[in-house]
Amino acid sequence: MTDKIKYVIATTVIGVNEEHRKVWVSGIGKETVFREHSLGWFVHLDGSDEAICLGAERPVLKVGDAIKITIEKA
């Protein structure tokens, strides 16, 4: 028996989005100032409730692309 375990998941991209959050800069109440902070680009996959962050640059993936996710024990 081998210690190498590998799972391959075939799925489809259903969304590619840059996610943001507001970061407080200054002020209170009506004087409050926020700025948008990028959390990176996320890919949403068919059959999953999660999104995977692919980094700061927009990925080349688009909605409808067929992809494979490979999980392998290192």
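Would you check if Glu50 is touching a Lys or Arg at 6+ places or on another chain (Cβ under 6 Å) and either surrounded by 12 or more Cβ atoms within 10 Å (Cβ to Cβ) or at pLDDT below 95 (or both)?
So Glu50 does not fit the description; no.
If the requirement is being within 29 Å of Lys4 (Cα to Cα) and either free of Cβ contacts under 8 Å to residues at least 24 places away in the same chain or among the acidic types (Asp, Glu) (or both), which of these qualifies: Leu39, Leu54?
None of the other options fit; the residue is Leu54.
Restricting attention to region 9-22, and to residues there that are modelled with pLDDT of 95 or more and β-branched (Val, Ile, Thr), which single residue is surrounded by the fewest Cβ atoms within 10 Å (Cβ to Cβ)?
Thr12
The values are calculated or read from the model by the stated rules, or taken from the named source; none is laboratory data. Quick caveat, the model's predicted, so the values are computed rather than measured. In this analysis, Cβ positions are derived from the backbone assuming ideal geometry, glycine residues included, and neighbour counts consider all displayed protein chains.
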